[in-house]
Amino acid sequence: MAHLRSQSPAVLLVVEDDPGDQILIQESFAAGPHPKLIRLVRDGEEALEYLQRTNRYASPAEAPRPDLITLDLNMPRLGGKELLARLQADPVLRSIPTVALTTSCLEEDVALCYAMGVNSFVQKPTDFNDFQEVIQHLEHYWLQVSLFPPRRE
């Protein structure tokens, strides 16, 4: 298979409030074979600060544009659905592929997220090994199989 991907590391923005899931996601992605830079934020408001490069994320070096966003739905302050709505309303940010990575499996959450423009909806497994396997599948698909839109700084 021809590789059309840049040799620079993929930038992943993980939007997750649960400390245990933060560690699992980071370690699972870090263990994968593809070069990547993982940025972690705790909720939708912090994600917007990162993406809009405001406050502590004002420097482009501190907040490189992500190639992929994973987001939890149920977070304090600004939840995943609200963040997804803001991303889709922004003509620059809506081109960033976004994966809902959440404990929810409610049909209405799945339907709403796809209607709002999420690129994939993945339920977080509760088993550690299953969780790692899901992250490996995400990494394989998003960092090897799928091509990203061009980065717009």
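Scanning segment 74-88 for residues that are in a loop (DSSP other than H, G, I, E, B) and in contact with an Asp or Glu (Cβ under 6 Å, 6 or more places away or on another chain), we see that the one that is farthest from Gln136 (Cα to Cα) is Arg77.
State yes or no: is Arg39 under 18 Å from Leu147 (Cα atoms), within 15 Å of the chain's Cα centre (by Cα) and either assigned to a helix (DSSP H, G or I) or touching a residue at least 12 places away in the same chain (Cβ under 8 Å) (or both)? The answer is no for Arg39. Mind checking which residues of segment 44-73 are in contact (Cβ under 8 Å) with a residue 40 or more places away in the chain and under 23 Å from Asp21 (Cα atoms)? Gly44, Leu51, Pro64, Arg65, Pro66, Asp67, Leu68, Ile69, Thr70, Leu71, Asp72, Leu73 - these are the residues of segment 44-73 that are in contact (Cβ under 8 Å) with a residue 40 or more places away in the chain and under 23 Å from Asp21 (Cα atoms).
From the list Glu153, Glu62, Glu133, exactly one residue is out of contact with any strand residue (DSSP E or B) (no Cβ under 6 Å at 6 or more places or on another chain), modelled with pLDDT under 95, part of a helix (DSSP H, G or I) and not hydroxyl-bearing (Ser, Thr, Tyr). Which is it? Of Glu153, Glu62, Glu133, the one residue that is out of contact with any strand residue (DSSP E or B) (no Cβ under 6 Å at 6 or more places or on another chain), modelled with pLDDT under 95, part of a helix (DSSP H, G or I) and not hydroxyl-bearing (Ser, Thr, Tyr) is Glu133. Within segment 70-110, the only residue that satisfies the criterion of being crowded, with 17+ Cβ neighbours inside 10 Å and touching a Pro at 6+ places or on another chain (Cβ under 7 Å) is Ile96.
Counting only residues that are more than 15 Å from the chain's Cα centre (by Cα), in contact (Cβ under 8 Å) with a residue 60 or more places away in the chain and either under 16 Å from Asp21 (Cα atoms) or surrounded by 18 or more Cβ atoms within 10 Å (Cβ to Cβ) (or both), segment 117-146 holds 3 of them. Across segment 91-102, a minimum of one residue is classified as of a type outside the set (Asp, Glu), closer than 22 Å to Ile23 by Cβ and at pLDDT below 90.
Tallying residues that are out of contact with any helix residue (DSSP H, G or I) (no Cβ under 7 Å at 6 or more places or on another chain) and either surrounded by fewer than 13 Cβ atoms within 10 Å (Cβ to Cβ) or at pLDDT below 90 (or both) within segment 28-55 yields 5.
Checked against (1) in a strand (DSSP E or B); (2) farther than 25 Å from Asn129 by Cα, Pro91 passes all but condition (1). Pairs linking a residue in segment 91-116 that is without any contact (Cβ under 8 Å) to a residue 60 or more places away in the chain to a residue that is among the aromatic types (Phe, Trp, Tyr) and in a helix (DSSP H, G or I), with Cβ atoms under 7 Å and 6 or more positions apart or on different chains, are Pro97/Trp142.
The values are calculated or read from the model by the stated rules, or taken from the named source; none is laboratory data. The structure presented is a predicted model; accordingly, all values stated were derived computationally and were not measured. Neighbour counts run over all protein chains shown; Cβ positions are idealised from the backbone, glycine included.
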